[in-house]
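Contents: one structure, followed by commentary.
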Amino acid sequence: MPALNASATVVVIGAGAMGAGIAQVAAQAGHPVRLYDNRAGAAAQAIDGIDRQLGRLVEKGKLDAEARSAIVARLQPAEAIEALADASLVIEAIVENLEVKRGLLRQLEALCSADCILASNTSSLSITSLAAGLQHPGRVLGMHFFNPAPLMALVEIVSGLASDPALAQCLYETAKAWGKQPVHTKSTPGFIVNRVARPFYAESLRLLQEGAADCATLDALMRDAGGFRMGAFELTDLIGHDVNYAVTCSVFDAYYGDFRFQPSLIQKELVDAGRLGRKSGRGFYDYAEGAERPHPAELASDASVESCVVEGSLGVAEPLVQRLREAGVNVVRRDGTGLLRVGDAVLALSDGRLASQRAREDGLANLVLIDLALDYAKAARLGISCAAATSEAARDQAVALLQRAGLKVSQLADIPGLAVLRTVAMLANEGADAVLQGVGTAADIDLAMRAGVNYPQGPLAWADAIGLAVVLRTLENLQAAYGEERYRPSLLLRRQVAEGRNFR
Ligand code: NAI
């Protein structure tokens with residue numbers, strides 16, 4: 001089914017942050033838009049707000065004044081819900097409450113024509129249960145925008161059990177015509193993004209709780225090595241801990257307490273204390289005026305390092321070799337199992353085992369594990385961890401070598417999977433399970449995570465680049481180290497490895 005014609009009337013109900021943004025997107029795409037809110041004056045106020053925002057774009061030269069007037073002229077407030085009967089598409093963005101939304105849908109069903117599509121912007125409610133009991137449940141779908149809707153590209157098109165696939169396709173094409181990047185998904189808790197993103201927060205929270213490093217260091221690793229725009233602590237401070245914690249709890253409960261989604265006690269503490277992040281002036285960081293932002297911990301070494309030996313392939317970390325050569329380090333290559341030797345130190349990419357355990361099991365003296373980087377050719381920082389028996393002199397040599405390659409080095413406690421590797425492995429694992437359960441295709445899941453939460457790489461394509469066998473081993477070792485369900489590898493990951501296939 002093609003996209004809705006631009007002349008079709010779009011109705012948006014709820015003129016809060018999301019409703020106003022969605023109304024703006026639809027009006028910008030050329031639709032006559034009617035905005036309704038049961039708070040008197042709220043819709044007109046929201047339209048004024050959109051007008052002011054468009055005005056700022058005009059000032060910056062990003063929009064011409066005529067276009068601004070045309071967009072605003074297409075936006076009309078509705079005084080009463082009865083004025084919405086001629087809609088082709090209704091998108092509701094009212095309060096996140098199942099009974100209230102159901103009541104509204106029943107009212108709309110009685111009011112609108114039988115071919116009007118009823119879409120919900122809900123981020124956590126089941127589309128299946130929103131549609132249940134209606135005369136035409138097939139026309140109820142999710143159209144999940146991200147905040148702020150005019151700027152964020154992703155729209156999840158969510159189908160419940162009864163949703164008509166032709167209407168899902170129509171919404172998909174419509175979102176595309178509005179300049180968005182839609183993905184199809186099934187009505188399952190968290191849909192794609194709010195489900196697959198959980199480990200991004202959960203692993204950093206756990207690392208902090210277990211004393212692996214402080215917030216500033218973990219955030220710096222996620223940014224400078226992982227390539228994420230923000231680390232989990234600065235991001236949750238921005239989102240608001242009340243909101244982020246509530247989403248985690250709702251996904252955890254919806255999956256019957258699956259430990260993969262277990263909420264964090266240290267985040268609950270922040271919520272209990274009212275330290276909600278930027279909006280309350282304090283979260284993991286202090287936002288009071290004049291408060292100093294803590295610096296990430298870094299190691300510095302003045303050991304002199306001129307050469308190193310690479311045994312076998314370093315796998316995903318292989319670009320380090322070129323980087324070292326370009327820095328003037330003499331790199332000797334030998335056969336082997338993926339180790340980098342410098343002086344007395346042996347460096348290796350983490351495989352999810354504790355450094356001390358691996359040193360003992362593999363007979364490696366002075367072992368220094370390195371963390372994952374999105375791109376070892378460009379990363380600005382790398383995490384390391386050391387076995388208990390690793391000498392300080394050996395660690396110094398390892399640090400000096402990485403410094404020669406232009407890397408800042410941050411040390412974590414001896415913790416399995418370090419920071420970036422365990423996070424990316426868990427993101428990929430969640431993505432794999434979502435594919436296995438038909439929530440989305442691998443391509444759509446990667447697209448959703450890039451367009452919805454700005455990940456530098458889709459988690460499944462990223463796992464392919466790391467090597468699925470490496471990701472599987474990391475998860476198995478994490479599961480063994482913690483003895484927890486949380487790290488159990490997805491059946492799909494095992495299957496791909498067994499079949500020698502990649503996700504993408
Ligand atoms: P909001 O609180 O800013 O706005 C909700 C608006 O709906 C208010 O203006 C309220 O007066 C109005 N409203 C409430 N009940 C109504 C009813 N029965 N009839 C008409 N109007 C009614 O909320 P926000 O943040 O815009 O969220 C709206 C929806 O979008 C929720 O379902 C939420 O889960 C979802 N969502 C929110 C995102 C966010 O980041 N805030 C992101 C994606 C989805």
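The values are calculated or read from the model by the stated rules, or taken from the named source; none is laboratory data. Note that this is a predicted model, so its numbers are computed, not measured. Because the Cβ atoms are built from the backbone with ideal geometry, glycine has one as well, and the counts that use them run over all protein chains shown. Protein only, heavy atoms only, side chains kept; ligands, DNA and RNA dropped before computing areas. Shrake-Rupley method; radii C 1.70, N 1.55, O 1.52, S 1.80 Å.
What to note about this one:
- Of all residues in region 13-22 being surrounded by 21 or more Cβ atoms within 10 Å (Cβ to Cβ) and of a type outside the set (A, V, I, L, M, F, W, C), the one that is farthest from the ligand (Cβ to nearest atom): GLY21
- Applying the criterion of being within 16 Å of the ligand (Cβ to nearest atom) and modelled with pLDDT under 95 to the residues of region 123-139, the residue that is surrounded by the most Cβ atoms within 10 Å (Cβ to Cβ) is SER123.
- Total residues in region 315-339, condition under 19 Å from LEU374 (Cα atoms) and without any contact (Cβ under 8 Å) to a residue 40 or more places away in the chain: 2
- Region 23-44, residues that are more than 9 Å from the ligand (Cβ to nearest atom) and assigned to a helix (DSSP H, G or I): ALA23, GLN24, VAL25, ALA26, ALA27, GLN28, ALA44
- In region 58-74 there is no residue that is closer than 16 Å to TYR36 by Cβ, open to solvent by 40 Å² or more (accessible area, probe 1.4 Å), modelled with pLDDT of 95 or more and near the ligand (Cβ under 10 Å from one of its atoms).
- Region 110-122, subset among the hydrophobic types (A, V, I, L, M, F, W, C) and surrounded by fewer than 19 Cβ atoms within 10 Å (Cβ to Cβ), residue nearest to the ligand (Cβ to nearest atom): LEU111
- For region 412-429, the condition holds for at least one residue, the condition being that it is open to solvent by 20 Å² or more (accessible area, probe 1.4 Å) and modelled with pLDDT of 95 or more.
- Residue in region 1-12 that is open to solvent by less than 50 Å² (accessible area, probe 1.4 Å), within 13 Å of the ligand (Cβ to nearest atom) and at pLDDT 95 or above present: yes
- Residue count for region 250-271, restricted to those that are of a type in the set (Phe, Trp, Tyr), part of a helix (DSSP H, G or I) and either within 14 Å of the ligand (Cβ to nearest atom) or open to solvent by 50 Å² or more (accessible area, probe 1.4 Å) (or both): 1
- Residues satisfying the stated conditions in region 236-249, i.e. in contact (Cβ under 8 Å) with a residue 12 or more places away in the chain and in a helix (DSSP H, G or I): THR236, ASP237, LEU238, ILE239, HIS241, ASP242, ASN244, TYR245, VAL247, THR248, CYS249
Here's the yes/no breakdown for (1) part of a helix (DSSP H, G or I); (2) more than 16 Å from the ligand (Cβ to nearest atom); (3) open to solvent by less than 10 Å² (accessible area, probe 1.4 Å):
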residue	(1), (2), (3)
LEU141	no, no, yes
ILE157	no, no, yes
CYS170	yes, yes, yes
GLU173	yes, yes, no
LYS176	yes, yes, no
GLY190	no, no, yes
ASN194	yes, no, no
ALA212	no, yes, yes
LEU221	yes, yes, yes
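- Qualifying residue in region 94-108 (condition: in contact with a Leu (Cβ under 9 Å, 6 or more places away or on another chain) and away from the ligand (no atom under 14 Å from the Cβ)): no
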